[in-house]
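Let me begin by handing over the structure; questions about it come next.
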Amino acid sequence: MSVGLNPAAVPSPVEDIQGDARWMSQHEHYVQDCKDAEPDVWFIGDSMIHLMQQHEVWKDLFSPLHALNFGLAGDTTCNVLWRIQNGELQNIQPKVVVLWVGTNNLQHTAEQVAGGVMAITEFIMSQLPHAKIIILGLLPRGEYQNPLREKNAEVNVLLRSHVSLLDHVHFLDLSSEFIQSDGSISKQDMFDFLHLTAAGYQTLAKPLYNLLLEILDETTAENC
C-alpha cells in the first residue's frame with residue numbers, strides 16, 4: 001500500500017471540538033520552543049510521551065541528556081505527521097529522536113498504523129538525515145487480552161520488520177514487561193490499563209535510557 005492510500009499516513013490536525021484551541025495552542029507553543037531549544041534528544045508522540053515529563057524518570061534520566069518533550073495527548077500518527085510537517089522540526093538538530101505513537105489510531109488496521117509510524121519516521125529522516133531514531137513499540141492495553149491488545153502486538157511485529165531494513169533506526173519493544181503471568185496488566189504499572197504509573201515509567205525508562213546512552217556515545221565517537 002502506498003503512503004498516499006494509507007489513511008493513517010494522511011497528515012491532519014486535531015479537530016477543535018471543544019472550542020478552546022487547546023491542541024493547536026500546544027502545537028504553536030512547540031513551534032516556538034524550536035526557535036530557542038538545542039536538544040540532543042527529541043521526544044515526540046502522544047500522551048505516553050507527554051506524561052513522561054511529569055515523573056521522576058524525566059528529571060533524573062532524560063532531562064540531563066538535553067531532552068525536549070513534544071508529546072500531545074490523544075495524538076494519532078496523522079496528528080504527529082501534521083505537526084512535524086508544520087513547524088515542530090524547524091531549527092532543531094537533535095542527535096536522537098524518540099518516537100512513540102499509534103495506540104490512539106483506533107479506526108485504523110495494524111498495517112495502516114505501522115505504515116503511519118513509518119511515514120513519520122521517513123519524514124524525520126528526510127529532515128534530520130544525521131539523527132538516529134528510536135521507535136518505541138506500542139504497549140498492551142486493557143486489563144486482559146482484547147482486540148486492541150492484539151492489534152498493538154501486530155503493529156509491533158510489522159514495525160520490527162520495517163525497522164530492520166533501515167540504518168540509524170532502532171525499535172525498542174518493552175510490551176512483554178507489562179504482561180503478568182496470568183495475561184493481565186497490573187494497576188501498579190498502568191493506572192487505567194493504558195497510561196503508565198510512576199512504576200510503569202521506571203520499567204520503560206531504564207532500557208530506553210541505556211539505549212540512548214549507547215547511541216549518544218556512538219554519535220560522539222563518529223564525530224571525533
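Would a scan of region 144-165 turn up a residue that is within 24 Å of Cys78 (Cβ to Cβ), at pLDDT below 95 and not polar (S, T, N, Q)?
yes
Moving on. Residues to consider are Lys95, Lys59; find the one that is among the basic types (Lys, Arg) and touching a Lys or Arg at 6+ places or on another chain (Cβ under 9 Å).
Step by step, each of Lys95, Lys59 is checked, and only Lys95 is among the basic types (Lys, Arg) and touching a Lys or Arg at 6+ places or on another chain (Cβ under 9 Å).
Looking only at residues in region 1-42 that are assigned to a helix (DSSP H, G or I) and touching a residue at least 60 places away in the same chain (Cβ under 8 Å), which one is nearest to Asn86 (Cα to Cα)?
His27
Please specify each residue of region 49-67 satisfying the condition of being in a helix (DSSP H, G or I), touching a residue at least 60 places away in the same chain (Cβ under 8 Å) and either of a type outside the set (A, V, I, L, M, F, W, C) or out of contact with any helix residue (DSSP H, G or I) (no Cβ under 9 Å at 6 or more places or on another chain) (or both).
Within region 49-67, Glu56 is the sole residue that qualifies.
Of the residues that sit in region 68-85 and are touching a residue at least 40 places away in the same chain (Cβ under 8 Å) and among the polar types (S, T, N, Q), which one is surrounded by the most Cβ atoms within 10 Å (Cβ to Cβ)?
Checking each candidate, the answer is Thr77.
So, one more: If I filter region 99-130 down to residues being outside any helix (DSSP H, G or I) and touching a helix residue (DSSP H, G or I) at 6+ places or on another chain (Cβ under 7 Å), which single residue comes out as farthest from Val155 (Cα to Cα)?
Residue satisfying both the conditions and the ranking: Leu99.
Just name the residue that is surrounded by the fewest Cβ atoms within 10 Å (Cβ to Cβ) out of those in region 132-153 that are aliphatic (A, V, I, L, M) and free of Cβ contacts under 8 Å to residues at least 60 places away in the same chain.
Leu148
Looking at Pro129, Pro207, can you tell me which residue is of a type outside the set (D, E, K, R), surrounded by fewer than 17 Cβ atoms within 10 Å (Cβ to Cβ) and either over 27 Å from Arg83 (Cβ atoms) or under 16 Å from the mean Cα position of the chain (by Cα) (or both)?
Going through Pro129, Pro207 in turn, the sole match is Pro207.
Across region 88-98, what is the number of residues that are surrounded by 16 or more Cβ atoms within 10 Å (Cβ to Cβ) and in a loop (DSSP other than H, G, I, E, B)?
5
Enumerate the pairs (first residue in region 86-109 and in contact (Cβ under 8 Å) with a residue 40 or more places away in the chain and on the phi > 0 side of the Ramachandran plot; second residue anywhere and buried (at least 22 other Cβ atoms within 10 Å of the Cβ) and assigned to a strand (DSSP E or B)) with beta-carbon separation below 9 Å, excluding pairs fewer than 6 apart on the same chain, so at least 6 apart or on different chains.
Matching pairs, first to second residue: Gly102/Gly45.
Still on this structure, please answer the following. Going by what's in this entry, would Leu212 be described as in a loop (DSSP other than H, G, I, E, B) and at pLDDT 95 or above?
no
The values are calculated or read from the model by the stated rules, or taken from the named source; none is laboratory data. Here the structure is a predicted model, which is why all the values come from computation and not from measurement. Here Cβ is always computed from backbone atoms with ideal geometry, including for glycine, and neighbour counts include all displayed protein chains.
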